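Engineer: Take a look at the following structure, please.
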Amino acid sequence: MNEQLLFNLLDLAGTFAFAISGATAARRRDLDLFGILAIAYITACGGGIARDVCIGAIPPAGLADWRYLFTAVVAALATVVAYRQVERLTYPVRLFDAMGLGLFAVYGAHKALLSGANAEVAILLGMVTAIGGGLARDVLLARVPIVLQREIYASAACAAAALAVLGERLGWSVLWATWLPILLCFALRFVSLRYRWNLPRFGSERGAD
Amino acid sequence: MNEQLLFNLLDLAGTFAFAISGATAARRRDLDLFGILAIAYITACGGGIARDVCIGAIPPAGLADWRYLFTAVVAALATVVAYRQVERLTYPVRLFDAMGLGLFAVYGAHKALLSGANAEVAILLGMVTAIGGGLARDVLLARVPIVLQREIYASAACAAAALAVLGERLGWSVLWATWLPILLCFALRFVSLRYRWNLPRFGSERGAD
Amino acid sequence: MNEQLLFNLLDLAGTFAFAISGATAARRRDLDLFGILAIAYITACGGGIARDVCIGAIPPAGLADWRYLFTAVVAALATVVAYRQVERLTYPVRLFDAMGLGLFAVYGAHKALLSGANAEVAILLGMVTAIGGGLARDVLLARVPIVLQREIYASAACAAAALAVLGERLGWSVLWATWLPILLCFALRFVSLRYRWNLPRFGSERGAD
């Protein structure tokens, strides 16, 4: 399997997982069918579209490549049609989501480097790819984004993007430079969920809103 | 009347209608004069600016062409100065809005195709042009966007953009490829309002927030 | 001191002031460490990134230049580590913020003109540079942006950007075309705070939300 194909497959798997999280959240907020499709698509592709706009990859792949839209629509319709089944799948969905998080961070950093951007841009846009869709989902649902409030989520994506950039700089093989960061992100997510790790908070209005 | 002039006129008419909806919503939320002008402008031009950024039309026409800003400012000032009159105009404003919706979807899809984008990009960016400003308005007013919650609105824009792209692909004359989709969008809006059509919803928290 | 260096220094000073306002707001809303860093960075660099995307300066300087990220992270950490001290500094922070507002407006307008954009684009993007980060901060904190609701803030940025563009058009020296608008913005902010000037409001739901 060549490098490009591998990355494309990773990208679609992450798209599916993220679209399910978007569709589930939209359905819970009682959006209509269009709203569910739109939030699923934006959750899945919003981060990648922001990345592509920032590196000048015009038009963004999330808009131009029918496979992203198709994948997001299938995930959204599955959430609508088989909601009870999807609800029971909390654990597998969390697995998918953690995998998607690492995949997107690595793919985003990789694509930024390919466009000629420096390491800082690659790490930041890896994170944008990974958490941008979730931020857009929460902004459209008029709530403070979960990933800014708790859990080791964005920071796991940051670690994955940084390791991927480091790997490319050190000339690791594609296999290592791709899968090691994804595994790191996945492990950070699951260890932090298992042991309820959180980043520190310092809020002076704790519980106020 | 040549093709370019026709599209420019359509675009300004839509701009005016959308700016009124933005200014009205901003005034209801008690924003100050700058806030009303800003929301009116963003509602009118936000979708087009996002479209232009995604197709690489730099700087975006919504920023560079003084007629858009001028039209939005006039609409906002009219809403401020003659609010009672504007409030009484619910029905004509809704007419304008439905017309603007179709116009923007068609114009957005058309401009994307002209930039060399494929049919999927054109349909998605047609929708972005049509509903992007309204999404930005609602996000800035800290509420879940109306178009994701109910009514045949975004889906009417989607139908118009898709028909416009189909028309261009099938080689329809500009007249047909422009006005038929706008008419379709307009008809969908009004029939759905008249008969209270909505897309299905599946919310598990109905009435919860 | 040459022109480019002067602008770079101005830009970093503004970045620091804005990052403090973002970090303070994020900490008050009880976001975690990543959330505080992210909001500080977005408040400081969000406006500039939007400006660069709109003029095609790819990748945006806010992402590519490590000094912006570094400055924002230092400001955020200072807010976390020395919050009591920062809280006592309301007055100096307001000074910084008013200076940053003018600096960003002038720098944004200047960079847009350098990219070949017209006067309208330069004024609008000067404002986007100055208030875009604050808008993004408030949107991510799920509240209606303060600058759209009250105080002479966005309008002071608008005046500064317009004066900067006028100065460049009239061939003023860099010193005048830079510092006069910044001084104007600063003076407008402080006179309006001192005398509690506000733009008019017309809300029909005053006090309703």
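Engineer: With a length cut of 24 Å (Cα positions projected on each helix's long axis) and a Kyte-Doolittle mean of at least 1.0, go through chain C and give me the DSSP H helices that pass.
Structural biologist: C:33-55, C:119-140, C:174-194
Engineer: Sorted from largest to smallest, which semi-axis lengths in Å does the alpha carbon gyration tensor of region B:3-194 give for its equivalent ellipsoid, taking the root of 5 times each eigenvalue?
Structural biologist: In descending order, the three semi-axes are 26, 18, 15 Å.
Engineer: Which order, highest average first, do C:124-137, A:54-67 follow once you tally other Cβ atoms within 10 Å for each residue and take the mean per peptide?
Structural biologist: For the peptides C:124-137, A:54-67, the packing ranking is C:124-137, A:54-67.
Engineer: In what order do C:S192, B:S173 fall by count of nearby beta-carbon atoms within 10 Å, going from fewest to most?
Structural biologist: Final ranking by Cβ density, sparse to dense: B:S173, C:S192.
Engineer: While we're on this one: When only Cα pairs under 8 Å and 6 or more residues apart are kept, what is the percent relative contact order across region A:3-194?
Structural biologist: For region A:3-194, the relative contact order is 23 percent.
Engineer: Given only helices, namely DSSP H runs of n ≥ 4 each adding -39500 (n - 2.57), what is the per-residue ellipticity at 222 nm of chain C, to the nearest 500 deg cm²/dmol?
Structural biologist: Result for chain C: -25500 deg cm²/dmol, rounded to the nearest 500.
Engineer: Which order do C:R169, C:R51 fall in if you start with the one that has the fewest other Cβ atoms within 10 Å?
Structural biologist: C:R169, C:R51
Engineer: Placing the label point 7 Å from Cα along the Cα-to-Cβ direction, what are the distances from B:N198 to the equivalent spots in the other copies, shortest first, in nm to one decimal?
Structural biologist: 3.6, 3.6
Engineer: Here is a follow-up. With the label 7 angstrom out along Cα to Cβ, how close does B:L114 come to the same site in each of the other copies, in nm, nearest first?
Structural biologist: 3.1, 3.1
Engineer: Treating the beta-carbon of each Lys and Arg as +1 and of each Asp and Glu as -1, no other charges, what is the dipole magnitude of chain A about its Cα centre, to the nearest 20 debye?
Structural biologist: So the magnitude is around 600 debye.
Engineer: Suppose you put the label 7 Å out from Cα in the Cβ direction; list, shortest first and in nm with one decimal, how far A:L5 is from each other copy's label.
Structural biologist: Ordered by increasing distance: 5.6, 5.6 nm.
Engineer: Here's something else I'd like to know. Just tell me how shielded B:190-199 is by partners: mean number of partner chain Cβ atoms within 10 Å of each residue's Cβ, no decimals.
Structural biologist: Taking the mean over all residues of the peptide, I get 1.
Engineer: Shifting gears a bit: What average count of beta carbons from other chains do you get within 10 Å of the Cβ of residues in B:118-128?
Structural biologist: Taking all residues of B:118-128 together, the mean is 4.
Engineer: Among B:L124, B:V165, B:Y153, whose Cα sits farthest toward the positive end of the charge dipole of chain B (+1 at Cβ of Lys/Arg, -1 at Cβ of Asp/Glu, about the Cα centre)?
Structural biologist: Toward the positive end, the furthest listed residue is B:Y153.
Engineer: Arranged by the count of other C-beta atoms within 10 angstrom, fewest first, what order do B:D32, B:D138 take?
Structural biologist: B:D138, B:D32
Engineer: Specify the residue with the greatest mean-square fluctuation among C:A109, C:A119, C:A78, computed from a Gaussian network of chain C linking alpha-carbon atoms under 10 Å apart.
Structural biologist: Answer for the Gaussian network model of chain C: C:A78.
Engineer: Using only alpha carbon positions, build the gyration tensor of the protein assembly as shown, then give the equivalent ellipsoid semi-axes as the square roots of 5 times its eigenvalues, largest first, whole angstrom.
Structural biologist: Rounded to whole Å, the semi-axes are 33, 33, 24.
Engineer: I've got another one for you. Charges only on Cβ, +1 for Lys and Arg, -1 for Asp and Glu: so what's the dipole of region C:93-168 about the Cα centre, in debye to the nearest 20?
Structural biologist: 200
Engineer: Given R₀ = 51 Å, FRET efficiency for C:R194-B:R94 by Cβ-Cβ distance, to 0.05?
Structural biologist: Given R0 = 51 Å and the Cβ-Cβ separation, E is 0.70.
Engineer: Per-residue mean of other chain beta-carbon atoms within 10 angstrom of the beta-carbon, peptide A:133-143?
Structural biologist: 4
Computed from the coordinates by the stated procedures, all read-outs in this text should not be read as laboratory data. Since the model is a prediction, treat every value here as computed from it, not as a measurement. No Cβ is skipped: glycine too gets one built from the backbone with ideal geometry, and neighbour counts run over all protein chains shown.
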